Amino acid sequence: MRKKGASHVEVIFSFVLFTSFIIFMFIVFKPLQIFSKTTTDLDATEDAILKNISNDLSVISMKIYDPVTESCFSVKNLLDDSLRLIVKNESGEIVNASRSGGNIYFEKSGDFYNLYYSDELNEQGSPSFCYSLVNGDYKTGFVKTYKIVSYSKLVALKNKYNQDYEQLKQEFGLGSDFYIIIRNSPEINFVLAKEKPRGVEILAEDFAVSILKPNADLNHDIMSVQVWG
């Protein structure tokens, strides 16, 4: 009789142990909750924002070996003519430059230069008919291309957000409300379009961005994206 009772207790204990194990597995691995709605909404919002404000910036360094005595000189254009160009000297100062006939003309300002190519830039100056450098007179480094945030596109997005928020959400294909903060650039900060409701979880993420201005200056900043609803 005792053996039968003990056997019954063992069956119950085994069942409880097995059930506890199954519950533990569900808690740890969450097989029915692979993606949460809020995380998906945050990712979709970030993707839509970055797709709208991103652009490419290509940079080439150049060292001049010829002791140029003239006030300006020219080299062969190095990248696509459709991209706007800004040239800076070793001190980071803009050097007047222009392009024509497959050449770049720019004023002499030392012997080291950085050439910035992007359709976000405002070209400066118009020197022409300058002293021509040939291969061996100068050397260029490798082309470095970066994915950056366009200052002008960011400002345009801010204006759209502040003026027609619901239309912007529709264009982005977003169902949740969102807000953007640029931590160290208050002039770009967005005006909150909708009051954040109390008691609703707000999911946010901060990430580093490099913001390209029209003069080829790069501002390294933090962008915060907040999503709710």
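The values are calculated or read from the model by the stated rules, or taken from the named source; none is laboratory data. Everything numeric here is computed off the predicted structure, so don't read it as measured data. Heads up, the Cβs are rebuilt from the backbone with ideal geometry, glycines too, and the neighbour counts pull from every protein chain shown.
Observations on the structure shown:
- Matching residues in the range 160-194 - criterion: being over 18 Å from Asp41 (Cβ atoms), within 20 Å of the chain's Cα centre (by Cα) and either aliphatic (A, V, I, L, M) or not assigned by TED's automatic domain parsing to the domain that holds Asp47 (or both): Ile182, Ile188
- Test: residue in the range 35-43 that is at pLDDT below 95, within 22 Å of the chain's Cα centre (by Cα) and crowded, with 18+ Cβ neighbours inside 10 Å: yes
- Only one of the numbered conditions (1) over 28 Å from Glu93 (Cβ atoms); (2) surrounded by 12 or more Cβ atoms within 10 Å (Cβ to Cβ); (3) in contact (Cβ under 8 Å) with a residue 24 or more places away in the chain is not met by Lys169, and that is (3).
- Among the residues making up the range 94-120, those that are assigned to a loop (DSSP other than H, G, I, E, B) and either buried (at least 17 other Cβ atoms within 10 Å of the Cβ) or at negative phi (or both) are Asn96, Lys108, Ser109, Asp111, Asp119, Glu120.
- Subset of the range 94-137 (residues that are closer than 29 Å to Asn55 by Cα, of a type outside the set (S, T, N, Q) and touching a residue at least 60 places away in the same chain (Cβ under 8 Å)): Ile94, Tyr116, Tyr117, Asp119, Glu120, Leu121
- Among the residues of this structure, Glu123 counts as one that is assigned by TED's automatic domain parsing to the domain that holds Ala97 and surrounded by fewer than 16 Cβ atoms within 10 Å (Cβ to Cβ).
- Residues of the range 183-201 that turn out to be farther than 16 Å from Tyr151 by Cα and touching a helix residue (DSSP H, G or I) at 6+ places or on another chain (Cβ under 9 Å), as a count: 4
- Across the range 74-93, the qualifying residues are those that are touching a residue at least 40 places away in the same chain (Cβ under 8 Å) and surrounded by fewer than 20 Cβ atoms within 10 Å (Cβ to Cβ), and the one among them that is nearest to Ser152 (Cα to Cα) is Leu79.
- The condition (being more than 30 Å from Ile180 (Cα to Cα), under 20 Å from the mean Cα position of the chain (by Cα) and exposed (fewer than 15 other Cβ atoms within 10 Å of the Cβ)) is satisfied by just one residue among Val155, Val134, Val143: Val143.
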